[in-house]
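Structure, as structure tokens:
The values are calculated or read from the model by the stated rules, or taken from the named source; none is laboratory data. Please read these numbers as outputs of a predicted model, since none were measured by experiment. Cβ atoms come from the backbone with ideal geometry, glycine included; neighbour counts cover every protein chain shown.
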Amino acid sequence: MPLAVLDRLSLDVAALHATDSALHLGGLIVFDGEPPSRARVLDHLRRRIGLLPELAHRLAGDPGRPCWEPDPGFDPDRHLYELPGGADPLTAVVELLRQPLPRERPLWGIWLVRRAGDGRWGLCYRAHHAFQDGAAAVATLERLLGPEGAPRARALTFRPPRPVPWAAVLPEFRPPRRVTWWPALDTPPALSYAAAFADVDTARLHALGRLAGATVPQLCLALATETLRDWHPDAWGPGGPGHGLGLRANLGISVRDPDDPRPLLGNRVAVAGIDLPCGEPDPARRLDRLGRALDHTRLARLADAHRAVLRGLPYRIGRLALGRSVDARYTPLSVADLRVRQPLGFAGTPAAAVYALPVMVPGQPLFVAWLVHRRRLHVTFLADRALAGAEHLPEAWESALEECERRAGAGVFARTGAGAS
């Protein structure tokens, strides 16, 4: 099975990093109690692996014509690793982000993390971005750690493809402006990364959404915007270099074909540009702009357009466009909106938390990913270690949520109709 253009470009992006592991993605699932033995985890893995034939495929072929092929020596035992962990999940993540995936095997692995803080342990699934996109990784977790029995396959397509209204979509493909007003880009990147986590009850977000007229993804983008404003307040206020401006973020959208014979293999995610209105002084207008950016019709049209372009795009042309698409001076951060639809657990123990571990685009200082599981929203901030203050982003997120709740209670959003789309 030949690699698709996005698969090959993902390998090219990985080559821009000092270590290939920066282009690995997945999730850390945390459990209460004592960790199981490696043998018990392996037995569980062997019983579930038949639901996932894609996991037995490895990268093969020569550099000019790479392909996915079944690994004749495939054995789940070679994909299960152990880590001692540490006093908290963040300590474990530091080690997880460094772990390699041998190229001669299928490009995924599971790590048994023996300590994840507060009497907890963890399981971490990671895959190369060329091997899977975020939606495929979430679907893999659902089949590995979801309820017993063959879980119903989830749809990984945005919607069935439709004809592309090119006149409406072509303006979306204009290159963004070069960003010169965000202080985070002034610091030379360390190209090593640290994570920070935040957790929110989704009932709290739904209550806020009813008052503000916004969906949970819109609220998450709004909270990310408020967090960025709090991180560098002098950049966005009157007289600041970013006043009236914003930050372009990449949001992944699925372009997988509904009839894909291997729906969990390969990267089938293109990006939609989302302008985070950090420099807009009015909070209601900020929320309204984000609501329009996440309009379902807009994203569906973009998915159709990307799918049509990628279907006929020669790899060499895609390679030429790669530099601009991953240049942090034009798109300085990425965001991801994920949802786990099956409750995850292991041997009768429900997952206490599920944290996304996204990729890092070369040069981009920050990736914000949020994931909903069992009525909790878990937020991951993956930041370049050179950035001062990144460890305080979870506190800024919580402060932003409290401020949005205060504004919504005062009718700030209702008076302007913010969030309605």
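Among the residues of segment 310-332, is any among the hydroxyl-bearing types (Ser, Thr, Tyr), more than 16 Å from residue 202 (Cα to Cα), in the same structural domain as residue 207 (by TED's automatic domain parsing) and not in a helix (DSSP H, G or I)? Give the derivation first.
Initial filter on segment 310-332 (among the hydroxyl-bearing types (Ser, Thr, Tyr)): 315, 325, 330-331.
From what's left, more than 16 Å from residue 202 (Cα to Cα): 315, 325, 330-331.
From what's left, in the same structural domain as residue 207 (by TED's automatic domain parsing): 315, 325, 330-331.
If we keep only those that are not in a helix (DSSP H, G or I) too, we end up with 330-331.
Yes, segment 310-332 contains at least one residue that is among the hydroxyl-bearing types (Ser, Thr, Tyr), more than 16 Å from residue 202 (Cα to Cα), in the same structural domain as residue 207 (by TED's automatic domain parsing) and not in a helix (DSSP H, G or I).
If I go through segment 311-357 residue by residue, how many of them are buried (at least 17 other Cβ atoms within 10 Å of the Cβ) and of a type in the set (S, T, N, Q)?
Of the residues in that region, 3 qualify.
What's the number of the condition residue 205 fails, among (1) under 23 Å from residue 98 (Cα atoms); (2) in contact with a helix residue (DSSP H, G or I) (Cβ under 6 Å, 6 or more places away or on another chain)?
The one condition residue 205 does not meet is (1).
More than 25 Å from residue 388 (Cβ to Cβ), modelled with pLDDT under 95 and surrounded by 15 or more Cβ atoms within 10 Å (Cβ to Cβ), is that true of residue 160? Don't jump to the end; show me each part of the working.
Numbers: more than 25 Å from residue 388 (Cβ to Cβ): yes; modelled with pLDDT under 95: yes; surrounded by 15 or more Cβ atoms within 10 Å (Cβ to Cβ): no.
So residue 160 fails the test.
List the number of the failed condition for residue 108; all other conditions in (1) out of contact with any His (no Cβ under 7 Å at 6 or more places or on another chain); (2) under 30 Å from residue 3 (Cα atoms); (3) hydrophobic (A, V, I, L, M, F, W, C) hold.
(1) is the only condition that residue 108 fails.
Inspect all residues belonging to segment 122-132 and state whether any of them is out of contact with any Ser or Thr (no Cβ under 7 Å at 6 or more places or on another chain), surrounded by fewer than 22 Cβ atoms within 10 Å (Cβ to Cβ) and either of a type outside the set (Phe, Trp, Tyr) or on the phi < 0 side of the Ramachandran plot (or both).
No: zero hits.
The rows are residues; the columns are (1) under 22 Å from the mean Cα position of the chain (by Cα); (2) at positive phi; (3) not aliphatic (A, V, I, L, M).
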| residue | (1), (2), (3) |
| --- | --- |
| 202 | yes, no, yes |
| 206 | yes, no, yes |
| 215 | yes, no, yes |
| 218 | yes, no, yes |
| 223 | yes, no, no |
| 234 | no, no, yes |
| 252 | yes, no, yes |
| 262 | yes, no, yes |
| 265 | yes, no, no |
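For segment 385-404, which positions are touching a helix residue (DSSP H, G or I) at 6+ places or on another chain (Cβ under 8 Å) and either closer than 11 Å to residue 223 by Cβ or assigned by TED's automatic domain parsing to the domain that holds residue 93 (or both)?
The answer is 393, 396, 397, 399, 400, 401, 403, 404.
Filter segment 59-85 down to the residues that are surrounded by 12 or more Cβ atoms within 10 Å (Cβ to Cβ) and either under 19 Å from residue 144 (Cα atoms) or touching a helix residue (DSSP H, G or I) at 6+ places or on another chain (Cβ under 6 Å) (or both) and list them by number.
Of all residues in segment 59-85, those surrounded by 12 or more Cβ atoms within 10 Å (Cβ to Cβ) come to 59-61, 66-71, 74-76, 78-83, 85.
Those that are surrounded by 12 or more Cβ atoms within 10 Å (Cβ to Cβ) and either under 19 Å from residue 144 (Cα atoms) or touching a helix residue (DSSP H, G or I) at 6+ places or on another chain (Cβ under 6 Å) (or both): 70, 71, 74, 75, 76, 78, 79, 80, 81, 82, 83, 85.
Determine if segment 292-306 includes at least one residue that is outside the structural domain of residue 237 (by TED's automatic domain parsing), farther than 23 Å from residue 192 by Cβ, of a type in the set (Gly, Ala, Ser) and within 20 Å of the chain's Cα centre (by Cα). If you could, list the steps in order and put the result at the bottom.
Taking segment 292-306 first, the residues outside the structural domain of residue 237 (by TED's automatic domain parsing) are none.
No; the residues of segment 292-306 include none that is outside the structural domain of residue 237 (by TED's automatic domain parsing), farther than 23 Å from residue 192 by Cβ, of a type in the set (Gly, Ala, Ser) and within 20 Å of the chain's Cα centre (by Cα).
Look at segment 22-54 and say how many of its residues are in contact with a Lys or Arg (Cβ under 6 Å, 6 or more places away or on another chain) and in a helix (DSSP H, G or I).
2
If residue 132 meets every condition in (1) under 19 Å from the mean Cα position of the chain (by Cα); (2) of a type outside the set (A, V, I, L, M, F, W, C); (3) over 30 Å from residue 22 (Cβ atoms); (4) outside the structural domain of residue 375 (by TED's automatic domain parsing) apart from one, which number is that one?
Only one criterion is unmet by residue 132, namely (3).
Just wondering, is there one or more residues in segment 76-88 that are assigned to a loop (DSSP other than H, G, I, E, B), of a type outside the set (D, E, K, R) and touching a Leu at 6+ places or on another chain (Cβ under 6 Å)? Please lay out each step first, then the result.
Keep residues of segment 76-88 that are assigned to a loop (DSSP other than H, G, I, E, B), which gives 84-85, 87-88.
From the residues that got through so far, the ones that are of a type outside the set (D, E, K, R) too are 84-85, 87.
Next, only the ones that are touching a Leu at 6+ places or on another chain (Cβ under 6 Å) stay: none.
Checked against the condition, which is being assigned to a loop (DSSP other than H, G, I, E, B), of a type outside the set (D, E, K, R) and touching a Leu at 6+ places or on another chain (Cβ under 6 Å), segment 76-88 yields no hits at all.
Listed residues 361, 354; which is in contact (Cβ under 8 Å) with a residue 60 or more places away in the chain, closer than 20 Å to residue 93 by Cα, in a loop (DSSP other than H, G, I, E, B) and of a type in the set (Val, Ile, Thr)?
On the way: 354 fails: in a loop (DSSP other than H, G, I, E, B).
Matching residue, one of 361, 354: 361.
Here is a yes/no grid of residues against (1) of a type in the set (Asp, Glu); (2) in contact with a strand residue (DSSP E or B) (Cβ under 7 Å, 6 or more places away or on another chain); (3) surrounded by fewer than 20 Cβ atoms within 10 Å (Cβ to Cβ):
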| site | (1), (2), (3) |
| --- | --- |
| 359 | no, yes, no |
| 368 | no, yes, no |
| 376 | no, yes, yes |
| 379 | no, yes, no |
| 388 | no, no, yes |
| 403 | yes, no, yes |
| 411 | no, no, yes |
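So, in segment 9-37, of the ones that are over 22 Å from residue 121 (Cβ atoms) and surrounded by fewer than 19 Cβ atoms within 10 Å (Cβ to Cβ), which residue ends up modelled with the highest pLDDT?
Looking at the filtered set, the residue picked out is 12.
On the given criteria, is residue 398 over 26 Å from residue 31 (Cβ atoms) and either of a type outside the set (S, T, N, Q) or surrounded by fewer than 17 Cβ atoms within 10 Å (Cβ to Cβ) (or both)?
On the way: over 26 Å from residue 31 (Cβ atoms): no; either of a type outside the set (S, T, N, Q) or surrounded by fewer than 17 Cβ atoms within 10 Å (Cβ to Cβ) (or both): yes.
So residue 398 fails the test.
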